[in-house]
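Novice: Got a structure for you, written out below as C-alpha cells; questions coming shortly.
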Amino acid sequence: MQPQSKKRGRRKGFPVWVRHFFVVFGFAVCAETLVPESACGAERIIVSLSLLEVSLDIESLEKFAQEGEVSQELDFYLRRLDEDAIAQFRSALQWRASASHVSLYRLFHTPMGEATLKRLGRVVRASPERNGWISIRAAIVGAADTPEGLTLTNVLRQFPTREIRIEAGAITRFARELNALFAYRDAAVQAIAEAAETDAATASLNLGAAIDPREPGDYAVEKQVLSLQIRQVRQTPLGLVDSYDFNIDFYLPATEKRPLPLVIMSHGFGSDPKHFEPFARHLASRGYAVAVPDHIGSDKNYQQAALRGELSNAVSPIEFINRPLDIRYLLDELEALAAQDPFWQRLNLEQVGIMGHSFGGYTALAVAGAPLNDLRLDTCAAMNLTLNPSVILQCRADYLPTRNVTLRDPRIQAVIAVNPITSTALGPESMEQIEIRAMMISGSNDRLAPAIEEQIHPFIWLGSENKYLALMVPGTHSSMSSDVINAQMPALLRSPRPDLGRYYIKALSLAFFETHLQQQTEFKPYLSSAYAEAISEDE
C-alpha cells in the first residue's frame, strides 16, 4: 500500500537539525536506556559545540513540562523551533515510565546495560573530559527511587553533579542521522511500493478459486511437548548450568499419517513459544508438522530473571551460537526418534523449513547459512549513540571467545525471517552465503530493528536466487504479536493493527512453504505483488 507523507511548515533561518535539537536531546537522555550518588542534583544543562557553550536552567524545563510556562531563557531557544517540534520537546520532557529502582540498578550493572550507558555517556557528560555513564546510571536509578518516579526532568534533577554537559557535536550528528534515516526510509518505502504496483499492474494474477492461504485448513490440530535433555554449558534463568531441559512445542495435523513437511519456528529475545502458536496452528491445519523450541537462554523467563537481578547478563553472548545449535540438536534428536518410534516417522526430515522473529530471525538466517561476521562485530567497540537499538543486542556477540563455529544446517531448505536483526552480527559478507529460498518480512515503522538496516539492505545482500521481500506499511516490530502483548507495548512501538499483520503472515508463510518446500506450484501466485495488493487493507 502507498505510504502517506505529510509536509509540515517551519520557520525559516535554521537548518532542520536545529529544529529537532531539543527533541533529540530528550531522546538521547531517555530513549536508549530506561540509574545516585546524588548529593546535590543538577541545576543547569550546558551544551558545548567546539569553543561555544550555551546553558539552560533545569527549573525552566520543569515549569515548561508541567505547566507549559516558557521562561525568558527558554524562549530564546523555543522561538527557533516550529510548533510541532515544540510539542514533541514538551512531550519528551513529560515522558514517564514505571520501573523498580532495584531492577534498574541490577540491569545497568550487567555488561549489556553498561555498554548501552557508555555509548550514551559520550554525549551526556558530568565533566568535559569524562564519559557520563556512571552519572546517568545514578540519575536513572535515583529517579526511580523517588515518589515522582521516572520522568525526564526528575532524571535530570537526580544527576549527581550541578551541571550536565551535552556534547552538541554528537547531538547534531545524531540529529542529522535521524533526518537522513527517516528521509531514506520514506524514499525506500515509496520506491518499493511503486515497484510493487508496477509489477502488480503488469502481472496476470491467476489465483486458485478454492485456495485462500489466509484461512485455516481442514485438519484438526493436536499439540504435544517434546522434552530433551541437553548436556551443554548454558546460561539459563537458573544461572550457569552444565545440562538443561530443552522443550519443544509440536503442532501436528491430528489425522494425517503421510510424511509431513516440518517447519521450525524460533521466537525472539524475551519471548516464548506461545508467540508462534497462531502461525503454528495455521500451518498444522494445512498438513505441516510445526516445532517451536524454547530458547532457554534468551526467552521470557530468562528476561524476567535478568530484570530481577538474578543473572549477571541481560543476555549471554553464547546465545548467538546456542540458538542455532538448538535447531541442530532438535533435528538430530528427531532423526534418532524416527529411527525407532513410528510416531516420529510421520515427519519428512528431507522437507524442513524455518521461520524466526527478531532474534529468532537471526537464528533462522544463521542456520540457513549466514555465519557470524567478525569484521562487522569488530566495529562495536567504537560505535556511538545509535538510532538502531538492535545493535546493542547484536554487539553482545563481540564478546564471544570464538566466532569460528559452523552454524549452518544443510537440512534447512527454506527460511522466513520476520523483523530479523542482521546488520552487525551478519552483514553483507554473511547474508550473501544464504543460497536457499528465503523471505524477509519487514515493518516500515519498526523502531527496534529498523527496516532499512535490518531487513531491506540485508534482503539485497541475500545470495539466494529465490528471495522475497514483504514490507508492511506502517508495520512495527510487534505486527505479528497477540493483541494483548501489542497493547502492553509503549505507544511508540505498538502496531496499529496486529490482527492484520498476523493475517498477512499466515498467508505468506503458507504460500512460501507450499511453493518452496512442497513444490506446489499453484501457490506461487500468492507470492506476487498482485496478491499482496489484493489482500492489503488501508490500515
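Novice: Estimate the FRET efficiency between Gln520 and Asp199 by the formula 1/(1 + (r/R0)^6), using the beta-carbon distance for r and 35 Å for R0, to the nearest 0.05. It would help to have the intermediate numbers written out before the result.
Specialist: Values: r = 22 Å, r/R0 = 0.63.
Efficiency, rounded to the nearest 0.05: 0.95.
Novice: Using heavy-atom solvent-accessible surface (probe 1.4 Å) with all chains present, what is the largest-first order of Phe343, Phe279?
Specialist: Per-residue accessible area, sorted high to low, gives Phe343, Phe279.
Novice: State, to one decimal in nm², a quarter of the convex hull surface area for the C-alpha atoms of the chain, i.e. the direction-averaged projected area.
Specialist: Values: hull surface 103.5 nm².
Over every viewing direction, the Cα hull of the chain projects on average to 25.9 nm².
Novice: Taking 18 Å as the cut-off for C-alpha to C-alpha distance, list the pairs among Lys223/Lys300; Lys223/Lys257; Lys274/Lys506; Lys223/Lys274 that go past it.
Specialist: Among Lys223/Lys300; Lys223/Lys257; Lys274/Lys506; Lys223/Lys274, the Cα-Cα distance tops 18 Å for Lys223/Lys300.
Novice: For every helix of n ≥ 4 consecutive DSSP H residues, a contribution of -39,500 (n - 2.57) applies; sum these over the chain, divide by its total residues, and give [θ] at 222 nm rounded to the nearest 500 deg cm²/dmol.
Specialist: Computed ellipticity for the chain at 222 nm equals -11500 deg cm²/dmol.
Novice: Moving on. To the nearest Å, what is the center-to-center distance of region 444-490 and region 345-384, using C-alpha atoms only?
Specialist: 15
Novice: Per residue, what accessible area does the chain have, given a 1.4 Å probe and all protein chains present, in Å²?
Specialist: 43
Novice: If I compute solvent accessible area with a 1.4 Å probe over the protein chains, what percent of it on the chain is carbon and sulfur?
Specialist: About 51 percent, which is the carbon plus sulfur part of the accessible surface.
Novice: If you don't mind, another one. So what J values fall out for region 355-362 if you push phi through Karplus, 6.51 cos²θ - 1.76 cosθ + 1.60 with θ = phi - 60°, rounded to Hz, Gly and Pro as x?
Specialist: Per residue, the Karplus-derived 3J(HN,Hα) values read 9, x, 10, 6, 4, x, x, 4 Hz.
Novice: Continuing with this model, one more query. Just read off the accessible area of Lys223 with the full protein assembly in place, 1.4 Å probe, to the nearest 10 Å².
Specialist: The accessible area of Lys223 comes to roughly 90 Å².
Novice: Follow-up question, since we're still on this one. With every protein chain in place, what's the accessible area of Ser100 (1.4 Å probe, Å², nearest 10)?
Specialist: Number for this one is 60 Å².
Novice: Further, regarding this structure: Order Val418, Val102, Val233, most accessible first, counting only protein heavy atoms with a 1.4 angstrom probe.
Specialist: Final ranking, largest accessible area leading: Val233, Val102, Val418.
Novice: Tell me, what is the 1.4 Å probe accessible area of Trp461, in Å² to the nearest 10?
Specialist: 60
Novice: Heavy atoms only, 1.4 Å probe, whole protein assembly: order Asp75, Asp446 by accessible area, highest first.
Specialist: Asp75, Asp446
The values are calculated or read from the model by the stated rules, or taken from the named source; none is laboratory data. Quantities reported herein were computed from a predicted structural model and do not represent experimental measurements. For neighbour counting, all protein chains shown are included, and Cβ atoms are generated from backbone atoms with ideal geometry for every residue, glycine included. We work out accessible area using only protein heavy atoms, side chains counted, and drop any ligands, DNA or RNA first. Shrake-Rupley method; radii C 1.70, N 1.55, O 1.52, S 1.80 Å.
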